[in-house]
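Okay, structure first, notes after.
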Amino acid sequence: MANQNQVDEDDIDADSPFPIVHQDHQVAQILAVQELQHHLPSIKSTVVIRQLPSQGLSFKIWAAANTLVALLEQYHQHPSNSPLSSVFSCRRPFSILELGSGTGLVGIAAAAILGTKVTITDLPNVLPNLSFNAMANSGTLLLNEGIVDVSSLRWGEVDDMESIGKDFNIILGSDVVYHDNLYEPLLKTLRFFLGGESETVFVMAHLRRWKKESAFFKKARKLFQVQILHSDPPLPGARVGVVVYSFARKGTNGVVSNGTISSV
Ligand SMILES: C[S@@+](CC[C@H](N)C(=O)[O-])C[C@H]1O[C@@H](n2cnc3c(N)ncnc32)[C@H](O)[C@@H]1O
C-alpha cells in the first residue's frame, strides 16, 4: 500500500482518495516557514529571522547562537566587564567574519549591536535564506550603522578562503562542531585565518552533544591556544550548557587581560 505522505500533490485530483494528504501538505507548507523576532535590548532594536526548519539544520537557529548574541549584547552594555572584553576590546575597529552562519542571526545581530561590517558565510545552498534575512533587517542595520555581506565559504576550500581574504580580526561561529567529517575542514579553515602572524581570534559558541567532539578539541588545542570565555548553566533537562571558547594563534592566547579566563 502506498505511503500517503509520499503522494505528490500533482497526483491528487478532485476525487482523490487522499484528501487528508492535501491538507497535511498545506499545513506543512505553513509550518515550513517560521519568522522569529529576536529583540536586542542593548540597542533597542529587533532582528527578524526567517527559519525554514523543514529544509535542514542550516535553516534553523541553534542554542549556541542565542548565547553568542546574548554575550554580544552584554559586551555592548559593559565593554570592559563582559566575557568578550578580553578578546574584543583590543581588536577595535572590528572586522568580523562568521563561519557557518545558518540563518544569519549571530552575524546580523553582531553587525547591528557593534555597528560594524560582518561578512556572514555558509554553503552555497544556504545563501538565499541568509541573503533574505540580511535584506529583511536592512532598516535595523542602517539605523545602527551595521553592514552585512553574504558570501559562500565552504570550510577547507582554499579558493573560497582566498577569495574572502584574511582581512578579519574576529571570526565568529556558533554550533559549527557536530559531524566528525567536518572537523578537519573546519580546522583547515581556522589554520588559514589564524595562522602565520595573525592576531585574529575565533570566538566559538558550542553545545557539546557527543563524546567524539573531544577529538576536535584535542586537535584544536595542538594548533591553537584555546580558552573558555564563558559557560552557560546546563540547559533544562541536560547535563551541559553552551560554552564559548576563544581560539588564537599559539603564543598569543588572543587575550589582553587576565580576567577570569581559564585554559581548556
Ligand atoms: C548546526 S548549524 C548552526 C547554524 C548557526 N551558526 C546557528 O548556530 O544557528 C551548522 C552550520 O554550519 C554550516 N556548515 C556545515 N558544513 C559546512 C561547510 N563544509 N562549509 C561551510 N559551512 C558549513 C551549515 O550549513 C550550518 O549552517
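Values in this text are rule-based calculations from the coordinates and carry no lab data. Since we're looking at a predicted model, the values are computed, not measured. Glycine gets a Cβ as well: all are built from the backbone with ideal geometry, and neighbour counts include every protein chain shown.
Tabulated values for the structure
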quantity	calculated
Anisotropy class of the stretch 106-233 from Cα gyration tensor, a/c 1.5 cut	prolate
Nonlocal amide H pairs with residue 118, under 5 Å, H built at 1.01 Å	147, 148, 149
Spin-label pair residue 221/residue 57, simplified geometry with 7 Å Cα→Cβ offset, distance in nm	2.4 nm
For residue 230, distant residues with modelled amide H under 5 Å away	244
Loop-resident sites, the stretch 143-250, for chymotrypsin sites (Phe, Trp or Tyr not before Pro), counting at most 15 other Cβ within 10 Å (DSSP)	210
Percentage relative contact order, the stretch 54-263, counting C-alpha pairs under 8 Å, at least six apart	20 percent
Distant-in-sequence amide H partners of residue 208 (H built 1.01 Å from N, under 5 Å)	243
Relative contact order (%) - criterion: Cα under 8 Å, at least six apart; region: the stretch 47-161	26 percent
Phi to ³J(HN,Hα) by Karplus 6.51 cos²θ - 1.76 cosθ + 1.60 over the stretch 92-106, Hz, x for Gly, Pro	7, x, 6, 9, 10, 10, 10, 9, x, 5, x, 7, x, 3, 4
